[in-house]
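Visitor: The structure that follows is given in the form of structure tokens.
Nothing in this text is a laboratory measurement; each read-out follows from the coordinates by a stated rule. On a predicted model such as this, the values are computed, not experimentally measured, just so you know. Using ideal geometry, Cβ is built from the backbone for each residue, glycine included, and neighbour counts are taken over all protein chains shown.
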Amino acid sequence: MATATATRRPSRRKARGAGITPWLFISPWILGFLFFTLGPLVFSFVMSLHDWPVVGTRTFIGFENYTTMVQDDPQFWKSLWITVKFGALFVPLNIVLSFLLAVLLNLNLRGTAIYRTAFYLPSVISGVALVTIWAWIYSKEYGLLNYLLSFAGIDGPNWLGDRTWAIVAITVASLWGLGGSMLIFLAGLQSIPKELYEAARVSGVPPWAQITFITLPMLSPMILFTLITSIISAFQQLTIALLLTDGGPVNSTYFFAMYIYKTAFRFHDMGYAAAMSWVMFLIILALSMLVMRWSAAWVYYEGQARKDDADA
Amino acid sequence: MKRRHLIIAPAVLTAVFWGGMGLAQDKVLRFATWDSDESLAIQEAIAKKFEEANPGVKVQVEAYGDGYDDKLTAAMGAGSPPDVMYMWNFPSYKEALLPLNDFIARDGEAMNLADIPEGLMNISKIDGNIYGMPAGFTTQVVFYNKDMFAAAGVPEPQAGWTWADLRAGAAKFRNADEKVYGFAVDAKPDPYDFEQFLWSNGTRYISDDGKTIDGLMNSPEAAEVLNMFADMIKTEEAVALNIGDDTSGSALFKAGKIAMFQSAMWSKSGIDESGVNYGVVMLPSFGGKPVHSAIGASAVSIAKDSADPELAWEFVKFFSSPEAVAMRTNDLPVRTSVAEAQGMQDDPIFKPFFDMLAVSNKEIHAFLKNAEWGRIQENLAVAIEATMIDQGNAQAHLDEAVAASARFLK
């Protein structure tokens, strides 16, 4: 221990010799983090311990906001349940669809560049424009979707006006932004060494087994990343629902994030909204940690594997 | 996590931004409004007039538009509210507003409150404190398409008509193939305006002491109102609006797709532009019971933290003066003298609005009675929407809303 410190000393002095220059270089990020992330984070926790109306007196109430939420507020549980339902639809679909699209794009067919642009394009469109487009698509009387269904002899439902279909409609609209995860999968696919597939083909391994035993393990870090980011965005779903249905019909798309937003800006109850934000943060944190722990069982990192081989 | 940034970042930014602005000039009066376009231009003209009368004063008109509440909330949270602001939601903001009673008493003669109808003063009064001066108002009426009535041979509606009359008339316009209907029912009406139908049927959302909704909001009279509208959707006497579709009633009325349209002053200029040959009539009654309209009014208020309340009051006083009230052509004049000078009470288009105002001074809007009304209203809105989608069953939905709201009445 003592020797270790001793041997490290020169390098530490060297770092000090560099002065504040390195800090200055990263200071925009540090300051941004302190003022716009860490500051508000701490502040919101303080807020969550108060009865904090927008105007008027703030009173410290300890954890009362948290106990009210759990014990007396059915809307909290309802909107949480709606968000979980949405996540159960959105997360698997987002991963499977972006993976399939990436596989298709990786086939190197003619016009791949056009398809790649087309599939990614919706991710570039901002929330409001995207919602306007989907409102046209879903309109019961004049919508594109029901028009297309009518050719198949199907009398389409009122997508945004039906308690059952509205959440499905929002899921599909949200999936439109899967271009980002598709690109991640595509990059992952292209980094898989061709030799693996060639070796498999020579050994007579059928294509489906190539996917199961080569593609999926090689892509597992990307799958993990997409899984975690999808879970986070599922919980934060707000813009599309707010603009497309405003929580309706009959609160069937009243997401948790929307309840937070409305509590803060419609009901002016900042303390309660901050407390709910913290609950959301803890839920996301817990889910992410669970996924990370579980991932040890199925995520395969190339570097780690080589080290294991070497150890063995 | 992003969510929390969205809540706090605007407050910080606004504070930085307005903190800087405050230093720019002395004797600047900040005036915030939610209006845009024409209505905003009118207010800017009023501000200009005030500047001419008060040299050395600059009125900075801040048009917050659709994000009015968000921006006002942020400005107040940052301790830098505008001096004078448009206001309607008094219970939420009253602690940040200056009661005007003393100013009004002092300048009693110039204010001449007898000239302003009581129903309009009611909207800004809480526990005897007056938190704002009404600037413009509208009552609710029914617009009808005269050409459609003539073509269908249906007699035009008259003041004193009933909902039964409206429904009988509406049925004659029903043409599902052409998508033409007699009336439009909004499945997601603003509960604020919707209470007028309960009032007109002899009930209300909440007791005057703001403590009881059970037996009122879910009374048989309230259920009757909701079921009636739902039934109009079922029988196709009316087209349903706002069920997964955002086609507006005014768009349908302007296109000649509905013969009657229940709305307010804010629809008038659009209908004028469309060229539809229309008439205006008072709201129908429930079997002859007295009708009572919602009062949609905007008022101007002074921030408690205003640096110069005297100057702010001068501006509010000017905003309420007959001169400024007469300049407001996009809503109705809050001063009877101005309405009379412009001959509005004799104009067949404007008269029903004033007739509605004359009978609408008995009830107080629910949000003035209970500070948690915003939360209760959410449950009510769901009950109304559910009734319209299910085309009935109002009692069960209202009972559910009352049960869910119990925790806000403790």
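Visitor: When the Kirkwood radius is taken over all Cα pairs of segment B:278-388, what Stokes-Einstein diffusion coefficient follows at 25 °C and 0.890 mPa s, in µm²/s? Walk me through the numbers on the way to the answer.
Guide: Numbers: Rh = 17.4 Å.
Value of D from the Cα-based Kirkwood radius: 141 µm²/s.
Visitor: With a cut-off of 8 Å between alpha carbons and a minimum separation of six or more residues, what is the relative contact order of segment B:196-248 in percent? Kindly include the intermediate steps, with their values, before the conclusion.
Guide: Working: 34 pairs, mean separation 13.1, N = 53.
RCO, segment B:196-248: 25 percent.
Visitor: For A:K194, list the lysines whose Cα falls under 26 Å from its own Cα; do not include residues on the same chain fewer than 8 positions away.
Guide: A:K307
Visitor: Under a plain spin-label model, where a point goes 7 Å from the Cα along Cα-to-Cβ, how far apart in nm are B:D347 and B:E51?
Guide: 2.9
Visitor: With the crude spin-label approximation of a point 7 Å out along Cα→Cβ, what separation in nm comes out for B:D208 versus A:W29?
Guide: Taking the simple label geometry, B:D208 and A:W29 are separated by 6.6 nm.
Visitor: Right, something else. Students often forget the sequence filter, so: which aspartates and glutamates lie under 20 Å Cα-Cα from A:K85 once same-chain residues fewer than 8 apart are removed?
Guide: Straight-distance partners of A:K85: A:D73, A:D162, A:D246.
Visitor: May I pose another question? Could you give the distance between the Cα centres of segment B:100-174 and segment A:131-168, to the whole Å?
Guide: Cα centres, segment B:100-174 to segment A:131-168: 38 Å.
Visitor: Taking Cα pairs under 8 Å and at least six residues apart, what relative contact order does chain A come out at, in percent? Provide the component values of the computation, followed by the final result.
Guide: Numbers: 296 pairs, mean separation 80.7, N = 312.
After rounding, I find 26 percent.
Visitor: With r defined as the distance between the Cβ atoms of A:F60 and B:K410 and R0 fixed at 25 Å, what FRET efficiency is calculated, to the nearest 0.05?
Guide: Numbers: r = 20 Å, r/R0 = 0.81.
Efficiency for this residue pair is about 0.75.
Visitor: Further question: Scan around B:A135 for amide H atoms under 5 Å from its own, H built in the peptide plane at 1.01 Å from N, and keep only partners 5 or more places away or cross-chain.
Guide: Amide H to amide H, under 5 Å and 5 or more residues apart or across chains, B:A135 pairs with B:S298, B:A299, B:V300.
Visitor: Here is a further query. Please get the size of the charge dipole for chain A, origin at its Cα centre, with Cβ charges of +1 on Lys and Arg and -1 on Asp and Glu, quoted in debye to the nearest 20.
Guide: On the way: 20 positive and 15 negative charges, 250 e Å.
So the dipole magnitude of chain A works out to roughly 1200 debye.
Visitor: Ok, one more. Distance in nm between label sites at A:L290 and B:E44, each 7 Å beyond Cα in the beta-carbon direction?
Guide: Between A:L290 and B:E44, the simple spin-label model gives 5.5 nm.
Visitor: If you don't mind, another one. Mind checking which lysines have their Cα closer than 18 Å to the Cα of A:K262? Skip sequence neighbours fewer than 8 apart in that chain.
Guide: A:K78, B:K2, B:K71, B:K188
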